[in-house]
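The values are calculated or read from the model by the stated rules, or taken from the named source; none is laboratory data. Since the model is a prediction, treat every value here as computed from it, not as a measurement. Don't worry about glycine lacking a Cβ; one is built from the backbone with ideal geometry, like all the others, and counts go over all protein chains shown. SASA here: full protein model, heavy atoms, side chains in, ligands and nucleic acids out. Shrake-Rupley method; radii C 1.70, N 1.55, O 1.52, S 1.80 Å.
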Amino acid sequence: MSPKRPAHLAHPGRSVRSLALCYIGLMAAAGLVRGFAGATGDGYLAVLYFLTFPGSLLVTVFGILPLNALLGSATTGTANPFGPLVYLVGGAVVNVLLLWAAARVFSRLRG
């Protein structure tokens, strides 16, 4: 009879999924807090972009910039404090997907 494994080891996919959702949720919460505070470009935003790199860069290059080119730039002269939320949450989601894809490729190559 084998000993019973701890819950976090019995289903490792659950803990990984929970970690990914927490990461995305924390980035969304940080963006919302920054937006409600009305902060503009500051060091805090730079740290958030660093935490979502390279996903935020990919969202910018392959999502925001093409949409901006297609729809035209609609700058009103005032900055939206919630604007970086799209980059942060989108970047966090892309990072999770990149890690998931890398893990799948690694597991397939391992056999």
Among the residues of region 71-111, how many are assigned to a helix (DSSP H, G or I), farther than 24 Å from Leu21 by Cα and at pLDDT below 90? 2
Scanning region 33-53 for residues that are outside any helix (DSSP H, G or I) and open to solvent by less than 50 Å² (accessible area, probe 1.4 Å), which turns out modelled with the lowest pLDDT? Ala39
For Ser56, work out the one condition from (1) touching a Leu at 6+ places or on another chain (Cβ under 8 Å); (2) at pLDDT below 90 it doesn't fulfil. (2)
Of everything in region 1-32 that's at pLDDT 90 or above and open to solvent by 50 Å² or more (accessible area, probe 1.4 Å), which residue is nearest to Asn95 (Cα to Cα)? Tyr23
